[in-house]
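As structure tokens, the structure follows; a few thoughts come after it.
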């Protein structure tokens, strides 16, 4: 497979249509020909048909298309009347996979029914590790470096000096320091409180209303990543989504439902930021609600994940 995007169109024309009518057309495409394990893949079925025609897309029963899992499904109608079904897929095993050819039913306004058949598409799922990392050998351990025995007394002397210095500081503060001590510094603000304030500022800025949908998703995603780092020390901001999800799976701070919420949230954000996906108004509101829910459930005063095992 070559190229970063596969777009294969399969056209089926009806011999019974009048000369004035346009034949229904089915276009099947993938947004890429190679993806890493767990990386979102957009699989699109787009149908062009005459006004008034009913389009029946294949059902997403079973949660899979071929060997890939369905993460999310959305259906929309374009300004030119085209009907489109978007499947967000994910693969969790490496290798070459084939998506079966779909069938879409079109019921014309005249009562005639047509079945449009699309082609099979192929995609390669690769490891999140690079080739150098997969084949790297484990290096042998080096011998420990020890201190010369003849100078060990210097360590004892330094330790004793530190103990005496600490004792002297405590005595000075207790008996010789004058004046009342100042009030203790205020405690640090909870990470959840900071995150909720930032999310409120993002909502008030109305980025989607100004046509800045990508900026909106980027700011919401960055706020959630900073919150997870400040709250659970997960080092979210400087990592890719795949690296962060791998680390998150090893922590007991988040429940299974909360981990699935984070994974779905980050996958949708990456889809908008990097795959040029245009979300609906409902999806835009939903990603904000998901961010607020995650912060409220896992915040300092929220519900903590219980230890498992």
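The values are calculated or read from the model by the stated rules, or taken from the named source; none is laboratory data. Since we're looking at a predicted model, the values are computed, not measured. With ideal geometry, Cβ positions are generated from the backbone for all residues, glycine too; neighbour counts draw on all protein chains shown.
Tallying residues that are crowded, with 20+ Cβ neighbours inside 10 Å and part of a helix (DSSP H, G or I) within the range 224-247 yields 7.
Quick check on the range 208-223: of everything there that is part of a helix (DSSP H, G or I) and more than 19 Å from the chain's Cα centre (by Cα), which residue is nearest to residue 288 (Cα to Cα)? So, considering only residues that are part of a helix (DSSP H, G or I) and more than 19 Å from the chain's Cα centre (by Cα), the one nearest to residue 288 (Cα to Cα) is 208. Checked against (1) in contact with a helix residue (DSSP H, G or I) (Cβ under 7 Å, 6 or more places away or on another chain); (2) surrounded by fewer than 17 Cβ atoms within 10 Å (Cβ to Cβ), residue 63 meets all criteria but (1). Is at least one residue of the range 193-207 without any contact (Cβ under 8 Å) to a residue 60 or more places away in the chain, within 24 Å of the chain's Cα centre (by Cα) and in a loop (DSSP other than H, G, I, E, B)? Checked against the condition, which is being without any contact (Cβ under 8 Å) to a residue 60 or more places away in the chain, within 24 Å of the chain's Cα centre (by Cα) and in a loop (DSSP other than H, G, I, E, B), the range 193-207 yields at least one hit.
If the condition is being modelled with pLDDT under 50 and surrounded by 19 or more Cβ atoms within 10 Å (Cβ to Cβ), then the range 7-47 contributes no residue at all.
Listed here are the residues, each with its yes/no results for (1) touching a residue at least 60 places away in the same chain (Cβ under 8 Å); (2) within 15 Å of residue 90 (Cβ to Cβ).
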{"residue": "255", "(1), (2)": "no, no"}
{"residue": "261", "(1), (2)": "no, no"}
{"residue": "266", "(1), (2)": "no, yes"}
{"residue": "271", "(1), (2)": "yes, yes"}
{"residue": "277", "(1), (2)": "yes, yes"}
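Here residue 280 fulfils each of the conditions (1) out of contact with any strand residue (DSSP E or B) (no Cβ under 9 Å at 6 or more places or on another chain); (2) loosely packed, with under 14 Cβ neighbours inside 10 Å apart from (1).
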